[in-house]
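Asks: Here it is, the structure in full.
The values are calculated or read from the model by the stated rules, or taken from the named source; none is laboratory data. Just so it is clear, the model here is predicted, and its values are computed rather than measured. All Cβ positions, glycine included, derive from the backbone under ideal geometry; neighbour counts span all protein chains shown. Quick note on the areas: whole protein, heavy atoms, side chains included, nothing else; ligands and nucleic acids left out. Shrake-Rupley method; radii C 1.70, N 1.55, O 1.52, S 1.80 Å.
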Amino acid sequence: MSVGTVAILAVGLYGPATLLGPLPEATTSTIPVDEIPANDPVLPADGASALTEDPTGTPLAVAGDTQPVPMAAATKVIAALVVLDAHPLAADDEGAIVPITSEDFLSYRDYQAAGARTVTVYTDDQWSERGMLQALLLGSSNNHADTLVRWAFGSVDDYLVAARAWLDENGLDGITVADATGLSEESAGTASDLAVVAALALQDPAIDSVLTSTVEGLPSRRGIENTTTYLPELGITGVSRSYTDAAGICLLFGLSVEIGDTTYRAYGAILRQSDWDALEAAVRALAEQAATAVVDESLIAVGTPLVTVTAPWGDEVTASAGAAVSEPHWAVSTPVVTTTLDPLEAAGAGTTIGSVEATAGGRTETAPLRLDERLQDPGVLWRITHPIPVISALIADLHEG
């Protein structure tokens, strides 16, 4: 082949390769997100406390002691959840009959003599499962705790085995149950795990119904006193409110905030408080903060610039967050932002070039990442005068193909 022929072929290939081949990819650099002032939930420094939005997520906040502490009647909430796992109950059902045996009556008398909280039973009473839950949760009845778990599992010891399995299944390895009542100081848990217990309880239709409905029938005749209702005017739903010498004053609760047409919910545990005034001050401070800290907006506002895109031919534009599916949440801190980018050459304004993931307070949102302006094609002159990057891009494209 002559030199002339090679030259002609080279020119013939060079033109199409530079004019029609793919462009070299643009490079990107991140734009820091403006810091948001800290708005972490206010929890008491004393004792042990935690707040969560989701039983499967990271706590919104944890304060005080992070190790397991005695948990008083929160133990009874776990007993209710474990029993309902084995014997589910719809919100409006009475459930199976739980007979009161002589053993149950003697248990009632023993707790009564010891000065522990009880609800009256008599041998041959016919309690429904729902009635038992009312006595257990609303009345914090120690004798009903033992009776219910014996009915469900055969004995308290067998219940403890089932409870350990249930706790493990739900990832609650920071909780130990040594009894069904919480009178034992060996029944202990971390505040973060007990906040999850509060969430699981309020998400169970039977427990939620028991906590919010009037007591009727046999349970009402046995004088059940509601120990759980606490500051409902602040959006608080008490799940368990109790005291023992070992545990101090303890509260498991739900927190509701109305925002637009939606109800935001969080779940918490405040343990080892020194007195009732300290508990009330802590709950009031949290509820008042929630009124402004809960927002219905994305973690990253639409239009927030996140990436600078620079093309090899000098064109430079920004790319910003698109709309994310959002719901009311506690605006706690500056989100951690991660961008994932697609290969990019030239594209029009609004083109999706990847995605952005924002995480804050245990919540994660994903949104598209879009060009704010057109990333211009460099034109014929740049292509012809920059053969190396253009032909390199063609070779890379052929290899990928």
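Asks: Under the Karplus relation 6.51 cos²θ - 1.76 cosθ + 1.60, θ = phi - 60°, what is the ordered set of whole-Hz ³J(HN,Hα) values for the stretch 114-121, x standing for Gly and Pro?
Replies: 7, x, 7, 5, 9, 10, 4, 9
Asks: With a 10 Å cut-off between alpha carbons and a GNM built on the chain, which of ALA188, ALA180, ALA311 moves the most?
Replies: ALA311
Asks: Using a 1.4 angstrom probe on heavy atoms only, work out the carbon and sulfur share of the accessible area of the stretch 86-208 in %.
Replies: Using a 1.4 Å probe with all protein chains present, the stretch 86-208 comes out at 47 percent carbon and sulfur.
Asks: Next up: Which of rounded, prolate or oblate describes the chain when judged by the alpha-carbon gyration tensor and an a/c cut-off of 1.5?
Replies: On the way: a/c = 3.80, a/b = 2.93, b/c = 1.30.
Since a/c reaches 1.5 and a/b is larger than b/c, the shape of the chain is classed as prolate.
Asks: Okay, next question. Taking the dipole about the Cα centre of the chain, with the C-beta of Lys and Arg at +1 and of Asp and Glu at -1, give me whichever of VAL307, ALA113, PRO24 is farthest to the positive side.
Replies: Going by the Cα projections, it comes out as PRO24.
Asks: Report the residue, chosen from SER49, SER242, SER102, that carries the largest GNM mean-square fluctuation when the chain is represented by alpha-carbon nodes joined by springs under 10 Å.
Replies: Of SER49, SER242, SER102, the Gaussian network model singles out SER102 as fluctuating most.
Asks: May I pose another question? I need the GluC sites (Glu not before Pro) found in the stretch 259-354, filtered to DSSP loop residues with at most 14 other beta carbons within 10 Å of theirs.
Replies: Values: sites: GLU280, GLU288, GLU297, GLU316, GLU345; in loops: GLU297, GLU345.
Within the stretch 259-354, the qualifying GluC sites (Glu not before Pro) (loop, at most 14 other Cβ atoms within 10 Å) are GLU297.
Asks: Counting only complete DSSP H runs, which helices of the chain cover 18 Å or more along their long axis at the Cα atoms and score a mean Kyte-Doolittle of -1.0 or above? Before the final figure, lay out each step's value.
Replies: Numbers: long enough: 3-20 (25 Å, 1.79); 74-86 (19 Å, 1.83); 156-169 (19 Å, 0.05); 276-293 (25 Å, 0.34); 387-400 (19 Å, 1.05).
Answer set is 3-20, 74-86, 156-169, 276-293, 387-400.
Asks: Only helical DSSP H runs with n ≥ 4 go in: add -39500 (n - 2.57) per run for the chain, normalise by residue count and round the 222 nm mean residue ellipticity to 500 deg cm²/dmol. If you can, show how the numbers build up before the last one.
Replies: Numbers: 12 runs with 136 residues, N = 401.
Taken over the chain, the calculation gives -10500 deg cm²/dmol.
Asks: Still on this structure: What number comes out for accessible area per residue over the stretch 197-269 if the probe is 1.4 Å? Units Å², please.
Replies: Working: 3030 Å² over 73 residues.
Dividing the accessible area of the stretch 197-269 by its residue count gives 42 Å².
Asks: Once you keep just the Cα pairs under 8 angstrom separated by 6 or more residues, what percentage relative contact order results for the chain?
Replies: Numbers: 837 pairs, mean separation 87.1, N = 401.
22 percent.
Asks: Compare the Cα positions of GLY354, VAL196, GLN376 along the charge dipole of the chain (+1 at Cβ of Lys, Arg; -1 at Cβ of Asp, Glu; about the Cα centre) and return the one farthest towards the positive end.
Replies: Going by the charge dipole, the pick is GLN376.
Asks: What net charge do the residues around SER102 carry, taking every other residue with its C-beta under 13 Å from that of SER102, with Lys and Arg at +1 and Asp and Glu at -1?
Replies: Working: positive: ARG109, ARG150; negative: GLU103, ASP104, ASP110, ASP124, ASP125.
With Lys, Arg at +1 and Asp, Glu at -1, the net is -3.
Asks: Classify the stretch 14-150 from the C-alpha gyration tensor, please: rounded if a/c falls under 1.5, else prolate or oblate depending on whether a/b exceeds b/c. Please report the intermediate quantities before stating the final value.
Replies: Values: a/c = 5.54, a/b = 2.51, b/c = 2.21.
Because a/c hits 1.5 or more and a/b exceeds b/c, the stretch 14-150 counts as prolate.
Asks: To continue, here is another question. Could you check which residue among HIS329, HIS144, HIS386 shows the biggest mean-square fluctuation in a GNM of the chain with a 10 Å Cα cutoff?
Replies: HIS386
Asks: Taking the Cα centre of the chain as origin, sum charge times position over the Cβ atoms of Lys and Arg (+1) and Asp and Glu (-1), and report the length of that vector in debye to the nearest 20.
Replies: Numbers: 16 positive and 54 negative charges, 69 e Å.
Its charge dipole is roughly 340 debye.
Asks: Which one, LEU136, PRO55, CYS250, projects farthest toward the positive side of the charge dipole computed for the chain from Cβ point charges (K/R +1, D/E -1)?
Replies: The one lying farthest along the dipole's positive direction is PRO55.
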